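Just so it is clear, none of the values below were taken in a lab; they were calculated from the coordinates. Remember, predicted model here, so these are calculated numbers, not experimental data. Methodologically, a virtual Cβ is constructed for each residue, glycine included, from the backbone with ideal geometry; neighbour enumeration extends over all protein chains shown.
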Amino acid sequence: MASNLARRTSSAVVPAAGVKRKKAQRDRGPITEYLAFRLAGDVYAAPVSIIREILKLHPLTPVPRAPSSIMGIISVRGQLVTVIDLRRRLRLAEGPVTSKARILLVDPMGLELLGLYVDEVLQVYRLADSEIEHTATALGGEVASYIAGIARPAQAQAPAQEGKGVALKSVGVVRQNASVIILLDLKVVLSS
């Protein structure tokens, strides 16, 4: 009985590391998860909440007379999905297709599942409002409407939990910290 009492006392005195981490997160404010990816050498991100899945490249079927940003269509579990090249859509420089390229399955408006071609998927960032500068503040003047903001994440950030939303390990995701991330409003990108 004395040993049980000693265990209770020692566990009550020493705070768990998880408690400190949770308190630090509360101090940062509300947290939103963003999936970071590379396009033409820069790091962009979109909310994890609208990304359904990350796919390795599939063979594409071209669509005759489609806009240049539409790469083609793929079949995902029997459903046809239009694949859009985000580099072309955002008028960025194009590079060669590599084995790191991925297709993000998104449904930003709740109407149609779309595939977005990106050069490389990096990692999930958990960003607080304090780490995000909204476009008018960060860039000033006229800014493309599809840029929701600029994030400067804390360098000592713990990786987000995998298994919440997007599976990352199965598609060869690289984890690396970015000093500046351009946050996209995919609803605006895809509606224009």
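Structure above, values below:
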{"item": "Inter-probe distance in nm under a simple model that places probes 7 Å from Cα toward Cβ, at Val76 and Lys56", "result": "1.7"}
{"item": "Under 5 Å, built H, 5+ apart or other chain: amide partners of Val43", "result": "Ile182"}
{"item": "Under-5 Å amide H pairs with Arg52, H placed in peptide plane, nonlocal only", "result": "Leu105, Val106, Asp107"}
{"item": "Backbone N under 20 Å from the Asp107 label point (7 Å along Cα→Cβ), restricted to the range 51-70", "result": "51-56"}
